[in-house]
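Below is one structure; the comments refer to it alone.
The values are calculated or read from the model by the stated rules, or taken from the named source; none is laboratory data. What you see is a predicted model, and the numbers here were worked out from it, not measured in a lab. In this analysis, Cβ positions are derived from the backbone assuming ideal geometry, glycine residues included, and neighbour counts consider all displayed protein chains. For accessibility, only protein heavy atoms count, side chains too; no ligands or nucleic acids. Shrake-Rupley method; radii C 1.70, N 1.55, O 1.52, S 1.80 Å.
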Amino acid sequence: MKIETLQTKPIEGQMPGTSGLRKKTKVFMQPGYLENFIQATFDAIDGGMGKKLIVGGDGRYFNKVAIQTILKMAAGNGVAEVIVGKGGILSTPAASHLIRLNSADGGFILSASHNPGGIDEDFGIKFNGQNGGPAPENLSAKIFDATKTIAEFKTIAADDTDLNTIGTTRLGDMKVQIVDPVESYQALMETLFDFPAIQTLFKGGFTMCFDAMHAVTGPYATAILEETLGAPSGTVVNGTPLEDFGKGHPDPNPIWAKSLMDLMMSDKAPDLGAASDGDGDRNMIVGRGAYVTPSDSLAILAANANLAPAYQDGLAGIARSMPTSAASDRVAANLGIECYETPTGWKFFGNLLDAGKVTLCGEESAGTGSSHVREKDGLWAVLLWLNILAVRKKSVADIVLDHWQTFGRDYYSRYDYEDVAIDKASHLMQSLRAKLPDLAGQTVGEMTVSHADEFSYLDPVDGSVSKNQGLRISFEGGARAVFRLSGTGTQGATIRLYLEQYSKDDIGRDTQEALQDVRHAAQTITDMNAVIGRIEPDVIT
Ligand code: VG1
Ligand code: CO
């Protein structure tokens, strides 16, 4: 085997964001660009010598080409063994599981998640460590530093590997194992949930529509829901992964999964609607005529988790990202368990899960997961809902209503302002940051500010501090507005405005109407119209 050391240049602006490195596909296709990131990662983890890695992606355009590059570079860096999903396919949670199952040293996951795919759209890559979770901030920073100083990368001259045949081959001195992407993931799910109870549910005529959005969960959902749990064929729609996701946004929310939403609001609605994103780590849950916000879903799953075998002894604790609503805090208080508030991004849950401090985690952006892997897991959330529905024998809408009647309702919505000029977006954040110390006590319209600050996180496990994680304004009466810049966009800046309003008894209002006072206050305090030239968002979820 001939190891080649090829020249490369440092590349600017490669700091991995909320979830790895995301750029336009054509940026990734520039000669040396992907190689730079891969070599920088090897350098940051003290080389590849003797290591075992997992590699796979969500099937988007450039996935297979990138995998061939990574395999050759892994061999060039002395990696002993790589396990790859057949066809280059692995969902993010399945990759996380394979890392843990095989005691691998880590893995490369190729995905830009919910961002569209194709040559003119987005590509992405992230490195997950030994625990199966996204690289923590200190490792990301190390990779970033390496990308700026790198001069060469190692690879081998070899033919491409056949990714479509299950079995073991070699690439130079490196062992390459091509595995079924679904098998071990499905086996894990069978240990967590009451499959016979869910089979009985489907036998009894329970109906469901799972929209895989032409993304990676198609094969997983078909194997588990239709072929194992007995849901009728046709339950999974858009189930074949396409390189451009059928030109859609594989983002499971009421905007991008509109056809599913329309079905669920119609008189043809099945009992349960669900969808997942590009790389299979997000989920949307909707009952007949009843959309469940991700923040509520986390709370409801936490309150009912004991109905599934894996969680029958209760939860160690719950963690949610800061912008996620307080609904799950109320459940934690009721259960007498700890709840943690972390910055946005799954990497911040890793330490809490590893330390056994929490069992369930979630984000307002449709991510829910548990200690079974170190990523959020879309299909897992759907199966936990199915398990709960099988035991409680009530509709989704009734379960949600029960929950609100017990705990009150956290009205919640997120406004996204996309492709804002970077200087305008940072001006908005800077000027709000400057105003924060004087906001408490001020009245804006109907609302009075009770507290305002910038979120900074002290990791209770390793003591690390993550600053600048969002500007938050709390109001008397249980309302809150949070401003944050996205770390996953690939064009301009995306401002996210997160709005919530709690009500103990008034649980039947329209969400946007219930949020209008806090929305008005947030937009007035930041003088949003003047600063960025708009108050109407591009996307409301
Ligand atoms: C978004 C979400 C965040 C999520 C991240 C990755 O980040 O808000 O909650 O963890 O995407 O999700 P941002 O920085 O754009 O707000 V995914 O499905 O990429 O892995
Ligand atoms: Co995702």
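What the table below lists for this structure:
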read-out	value
From phi via Karplus (6.51, -1.76, 1.60), per-residue ³J(HN,Hα) for region 419-425 in Hz, x at Gly/Pro	6, 7, 3, 4, 5, 5, 5
Given the chain, longest segment not containing exposed loop trypsin sites (Lys or Arg not before Pro) (DSSP; at most 14 other Cβ within 10 Å)	3-267
Positive-pole candidate from 452, 367, 332, dipole of the chain, charges at beta carbon	367
Members of 26/424; 26/247; 51/347 lying beyond 19 Å, as alpha-carbon distances in this model show	26/424; 51/347
Ranking by accessible area, most exposed first, for 183, 513, 81 with a 1.4 Å probe	183, 513, 81
Mean accessible surface per residue for region 467-541, computed with a 1.4 Å probe while every protein chain stays in place, in Å²	43
Heavy atoms of residue 361: accessible area, 1.4 Å probe, square angstrom to 10	0
Accessible area in square angstrom per residue, region 185-407, 1.4 angstrom probe	32
Lysines with Cα under 24 Å of residue 393, excluding same-chain neighbours fewer than 8 positions away	203, 268
Surface share of carbon and sulfur [accessible, 1.4 angstrom probe, percent] for the chain	49
Per residue solvent-accessible surface (Å²) - region 1-134, probe of 1.4 Å	31
Computed [θ] at 222 nm, deg cm²/dmol, the chain (DSSP H ≥ 4; -39,500 (n - 2.57); rounded to nearest 500)	-9500 deg cm²/dmol
